[in-house]
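The values are calculated or read from the model by the stated rules, or taken from the named source; none is laboratory data. Because the structure is a prediction, the values reported are computed rather than measured. With ideal geometry, Cβ positions are generated from the backbone for all residues, glycine too; neighbour counts draw on all protein chains shown. These accessible areas exclude ligands, DNA and RNA; they are computed on the full protein's heavy atoms, side chains included. Shrake-Rupley method; radii C 1.70, N 1.55, O 1.52, S 1.80 Å.
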Amino acid sequence: MELKHNADYWQDRWQSGQTGWDVGYPSTPLAEYIDQLENKELKILIPGAGNAYEAEYLYKAGFKNVYVIDIAFGALENIKKRIPTFPESHLIEGDFFEHNNQYDIILEQTFFCALHPSERKAYCKKMIELLKPSGKLAGVLFNDSLFTDHPPYGGFKADYEALFEPYFSIVKMETAYNSIPPRAERELFILMIPK
Ligand SMILES: C[S@@+](CC[C@H](N)C(=O)[O-])C[C@H]1O[C@@H](n2cnc3c(N)ncnc32)[C@H](O)[C@@H]1O
């Protein structure tokens, strides 16, 4: 699939420090979701992970099957520097759409909105492929118009319901009660299972 924003686009953003999405710590909706996971053996993927604070949070909490994939090597270099003990084979430099494996949980945060809206159906199909039948897609999606000509691309709950319903049973899609302050009332917590 020809991506609207390719590896060079994202690597340029990492290199030039245009990473306004980076909050510098594990975001509260994801951290609270992680806190209630009991099985440390769960195989978890964070796509478009960036600085992957949530992967670090999981790793330090004893989850050993945590993987991140990012198309920009700058993101992965940062993670290696910050968490030198994080298993290198779990840091995947590559395109989410070309990745092959299966996971119990995939965590979403500001990856969906980084993709051009024309790639959203492909995102759903790829998520289905990457999740075990009993797997879960969990995380946050912006419920806001944001931008239409560059990332982050916006969207609203009704758009997401129509998009995801053919592929997923939507267990939860509601305004997050625990967003970080700049995202308060502007993001939905999602929990979905493959149909
Ligand atoms: C907006 S940033 C979000 C980073 C991180 N999720 C966060 O919340 O801080 C989007 C990230 O997705 C990566 N990315 C974009 N397209 C990708 C693709 N097709 N496959 C894997 N990573 C991709 C970019 O390099 C960037 O690091």
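Loop only per DSSP, at most 14 neighbouring Cβ atoms within 10 Å: give me the GluC sites (Glu not before Pro) in the stretch 30-136, ordered by residue number. Write out the running numbers ahead of the final one.
Numbers: sites: Glu32, Glu38, Glu41, Glu54, Glu56, Glu77, Glu88, Glu93, Glu98, Glu108, Glu119, Glu129; in loops: Glu38, Glu41.
Sites meeting the loop and neighbour criteria: Glu38, Glu41.
For the stretch 43-107, dividing the convex hull volume of the Cα atoms by the residue count gives 72 Å³ per residue.
Choose one of Ile71, Ile92, Asn39: the residue whose Cα lies farthest towards the positive end of the charge dipole of the chain (beta-carbon charges +1 Lys, Arg; -1 Asp, Glu; about the Cα centre). Final value for the positive-end residue is Asn39.
Entry comment: accessible area of the chain is 48 Å² per residue, from protein heavy atoms only and a probe of 1.4 Å. Is the C-alpha gyration tensor of the stretch 117-195 telling us rounded, prolate or oblate? Criteria: a/c under 1.5 is rounded; beyond that, a/b larger than b/c is prolate, otherwise oblate. Oblate. In sequence order, the stretch 76-89 has phi-based couplings of 5, 4, 4, 5, 4, 5, 6, 10, x, 8, 5, x, 4, 6 Hz under the Karplus curve 6.51 cos²θ - 1.76 cosθ + 1.60, θ = phi - 60°, and Gly or Pro positions carry x.
Can you give the local net charge around Asn78? Use residues other than it whose beta-carbon is closer than 10 angstrom to its beta-carbon, Lys and Arg +1, Asp and Glu -1. Working shown, then result.
Numbers: positive: Lys80, Lys81, Arg82; negative: Asp22, Asp70, Glu77.
Once all neighbours under 10 Å are counted, the net charge is 0.
Restricting attention to the chain, close to 50% of DSSP beta bridges with both partner residues there are antiparallel.
How high is the FRET efficiency from Ala61 to Ser118, r the C-beta distance, R0 25 Å, rounded to 0.05? Mind dumping the intermediate values first?
Working: r = 37 Å, r/R0 = 1.47.
After rounding to 0.05, the efficiency reads 0.10.
Inter-part distance, the stretch 132-195 to the stretch 27-46, computed on C-alpha centroids, equals 17 Å.
Per-residue extension of 0.36 nm, minus the Cα-Cα distance of Gln11 and Ala162, leaves a gain of 51.2 nm for this segment.
Summing +1 for each Lys or Arg and -1 for each Asp or Glu, what net charge is found among the other residues whose Cβ lies under 11 Å from the Cβ of Asn143? Walk me through the numbers on the way to the answer.
Working: positive: Lys157, Arg183, Arg186; negative: Asp144, Asp159, Glu174, Glu185, Glu187.
Taking every other residue near Asn143 into account, the sum is -2.
Expressed as a whole percent, the accessible area of the stretch 1-67 that falls on carbon and sulfur atoms is 46 (1.4 Å probe).
Accessible surface of the stretch 68-195, 1.4 Å probe: 53 percent of it comes from carbon and sulfur atoms. Annotation for the stretch 107-153: chymotrypsin sites (Phe, Trp or Tyr not before Pro) lying in DSSP loop with at most 14 further Cβ atoms inside 10 Å of their Cβ do not exist.
Less than 12 Å Cβ to Cβ from Ile34, Lys/Arg counted +1 and Asp/Glu -1: what total charge do the surrounding residues give?
Values: positive: Lys40, Lys60; negative: Glu32, Asp35, Glu38, Glu54, Glu56.
Around Ile34, the surrounding residues sum to -3.
Shape class of the stretch 1-132 from the alpha-carbon gyration tensor: oblate, with a/c at 1.5 or above and b/c at least as large as a/b.
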